[in-house]
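Read through the structure below, which is laid out as structure tokens, and then see the notes.
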Amino acid sequence: MLAINNLSVVYQNKTVLEGFNLSLEKGEIFALLGDSGSGKSSVLRFIAGLDEAKKGQVILDGNQLSTAGQHDVNPESRGVGMVFQDYSLFPHMSVEKNIAFGIQHLPKLEQQQSITELLKMIDLVGIEKKYPHQLSGGEQQRVALARALAPSPKLLLLDEPFSSLDKNHRDQLVAQVRHILKQTNTTSILVTHNIDEANTLSDKVGKIDNKRLTIK
């Protein structure tokens, strides 16, 4: 499903990542560990088409998305979803409108059916009219996940999405998110500093150390 070949990242004339190679099967969840500044988030941004790299190639579902020095597929056309640390929900939109943001091209009935199914999946039925400021941190993160899953992405990228939660809420949400990703068979990459979080959520774990990736 996903292949990242020979990715190298240079930031401010300093090489932070070299020879990064990764392949994932359909529905596989991968967790990426590493110190701050090791290039973890740069990997996600290269996959998503938000940053360029010195070297490297991304192939998703048989299609080349990125190759350093060549024309890339636009971020919005990649079939890649993202969930961020700060949730990034639209504060002026209700929960249902946040979830529907990426599927506005669908007929209204299909949008509503998708919203209803996703709210059931994230166990938040009945909050569709609420606004982000009326939700807890864990609820906001589940809504952000639902919004990312609504367009049925081929790949989901999660950039430290649980780091702002306390341990009890984080542990509960990590287990819920794994269940949801497995239920939807969504290929995913999680960036995190937390090894327990990585082991709980993922099928396999890798760590960036001294510019290189090691798969555990």
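The values are calculated or read from the model by the stated rules, or taken from the named source; none is laboratory data. No experiment lies behind these values; they were computed from the predicted model shown. Positions of Cβ are backbone-derived with ideal geometry, glycine not excepted, and every protein chain shown enters the neighbour counts. Just so you know, the surface numbers come from the protein's heavy atoms only, side chains and all, with ligands and any DNA or RNA stripped out. Shrake-Rupley method; radii C 1.70, N 1.55, O 1.52, S 1.80 Å.
The table for this structure:
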read-out: Descending principal axes extents, region 141-192, alpha-carbon based, whole Å; value: 30, 18, 17
read-out: Value of Rg to Rh for the chain (Rh from inverse mean 1/r over Cα pairs, i.e. Kirkwood); value: 0.97
read-out: Charge dipole (debye, nearest 20) of region 1-115; +1 at Cβ of Lys and Arg, -1 at Cβ of Asp and Glu; value: 140
read-out: Extreme residue, positive dipole direction of the chain, given options Thr186, Leu118, Gly62 (C-beta unit charges); value: Gly62
read-out: Size of electric dipole in the chain: Cβ of Lys, Arg +1 and of Asp, Glu -1, about Cα centre, debye, nearest 20; value: 160
read-out: Mean ellipticity per residue at 222 nm, deg cm²/dmol - from DSSP H runs of n ≥ 4 across the chain, formula -39500 (n - 2.57); value: -9500 deg cm²/dmol
read-out: Acute angle (nearest 10 degrees) that the helix 167-184 long axis makes with the longest principal axis of the chain, alpha-carbon atoms; value: 90
read-out: Kirkwood-Stokes translational diffusion coefficient of region 32-106, alpha-carbon pairs, 25 °C, 0.890 mPa s, µm²/s; value: 170
read-out: Share of carbon and sulfur in the accessible heavy-atom surface of the chain [1.4 Å probe, %]; value: 46
read-out: Orientation-averaged projected area, Cα convex hull of region 88-194 (nm²); value: 6.5
read-out: Pairwise label distance in nanometres, Ile59 with Ser163, each label 7 Å out on the Cα-Cβ vector; value: 3.2
read-out: Qualifying trypsin sites (Lys or Arg not before Pro) in region 1-93, DSSP loop, other Cβ atoms within 10 Å at most 15; value: Lys26, Lys54
read-out: Computed P(r) (all Cα pairs; region 13-75; 10 Å bins; percent); value: 18, 54, 26, 1
read-out: For region 64-216, with +1 on Lys and Arg beta carbons and -1 on Asp and Glu, the positive-most of His169, Ser136, His92 along the dipole; value: His169
read-out: Helix 137-149 vs. the chain, principal-axis angle (Cα, 0 to 90°, nearest 10); value: 70
read-out: Extension reserve of the Lys14-Lys204 stretch, reckoned as 0.36 nm per residue once the Cα distance is removed; value: 65.5 nm
read-out: 1.4 Å probe accessible area per residue over the chain, in Å²; value: 50
